[in-house]
Amino acid sequence: MSAKGKLKATLRKNKKNQQARRGELHKQSLVAQIRKFDDPILKEVCSPVDEMEISAILMHIERVLKATKDGVGLAAPQIGIAKRAFVTRFNQKENDFLYFINPEIVEKSEEVVADKEGCLSYPGVTAIVDRPLWVRVKYRDEKNVERVKKFEGFE
């Protein structure tokens with residue numbers, strides 16, 4: 001390879017490395033938006049999301065959730081938005097997202113299951129949490145279509 005060819009290859013490699021570093025810094029800045037521990041917004045009663053806000057709120061929650069290494073779900077208050085919305089991804093490798101606007105548990109099992117859970121707003125902290133075996137949730141999706149769905153187990 002000529003000196004000119006080597007220089008071009010080095011420049012391409014440097015450019016790729018710079019882009020990767022910028023991408024990593026962007027991810028870190030998104031993750032830094034997650035509110036932690038005793039932030040007051042985490043204890044607020046959230047207001048409903050109106051139709052005009054749906055797209056912007058969900059897109060922002062999704063971007064921050066994608067930037068996390070192992071986040072399964074993220075709610076609007078966790079990124080400073082006191083609205084009733086959250087996004088989940090049960091398969092992190094495929095980024096298979098479910099979007100919940102103004103969710104409401106309409107039915108749940110009386111039987112509970114205890115399992116270890118973590119939370120992006122409490123990094124490094126896990127606790128055993130009792131959850132219903134199943135819940136039926138009424139919510140609006142990312143297209144503002146009303147849905148009612150039963151979730152069981154990990155979901």
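The values are calculated or read from the model by the stated rules, or taken from the named source; none is laboratory data. All figures in this text were calculated on a predicted structure; none of them were measured in a lab. Cβ coordinates were reconstructed from backbone atoms using ideal geometry, including for glycine residues, and neighbour counts include every protein chain displayed. In case anyone asks, the SASA skips ligands and DNA or RNA and just uses the protein heavy atoms, side chains included. Shrake-Rupley method; radii C 1.70, N 1.55, O 1.52, S 1.80 Å.
Structure values in brief
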{"read-out": "Condition broken by N91, with the remaining ones in (1) closer than 20 Å to L25 by Cβ; (2) of a type outside the set (G, A, S); (3) open to solvent by 30 Å² or more (accessible area, probe 1.4 Å) satisfied", "value": "(1)"}
{"read-out": "Residues located in the stretch 65-86, provided they are of a type in the set (A, V, I, L, M), closer than 12 Å to L120 by Cβ and at pLDDT 95 or above", "value": "L74, A75, I79"}
{"read-out": "Of residues in the stretch 79-104 being aromatic (F, W, Y) and under 10 Å from the mean Cα position of the chain (by Cα), the one nearest to P40 (Cα to Cα)", "value": "F86"}
{"read-out": "Failed condition for N144, given (1) out of contact with any Lys or Arg (no Cβ under 6 Å at 6 or more places or on another chain); (2) under 23 Å from E24 (Cα atoms)", "value": "(2)"}
{"read-out": "Close pairs (6 angstrom Cβ cut-off, 6 or more residues apart or separate chains): within 17 Å of K66 (Cβ to Cβ) in the stretch 78-105, open to solvent by less than 50 Å² (accessible area, probe 1.4 Å) and assigned to a loop (DSSP other than H, G, I, E, B) anywhere", "value": "Q78/I34; Q78/S121; A85/V49; Y99/D141"}
{"read-out": "Residue match in the stretch 114-127 (condition: within 26 Å of M59 (Cβ to Cβ), open to solvent by 90 Å² or more (accessible area, probe 1.4 Å) and not β-branched (V, I, T))", "value": "no"}
{"read-out": "Residues of the stretch 75-119 classified as among the polar types (S, T, N, Q) and in a loop (DSSP other than H, G, I, E, B), total", "value": "4"}
{"read-out": "Some residue of the stretch 35-51 being at negative phi, open to solvent by 30 Å² or more (accessible area, probe 1.4 Å), touching a residue at least 12 places away in the same chain (Cβ under 8 Å) and assigned to a strand (DSSP E or B)", "value": "yes"}
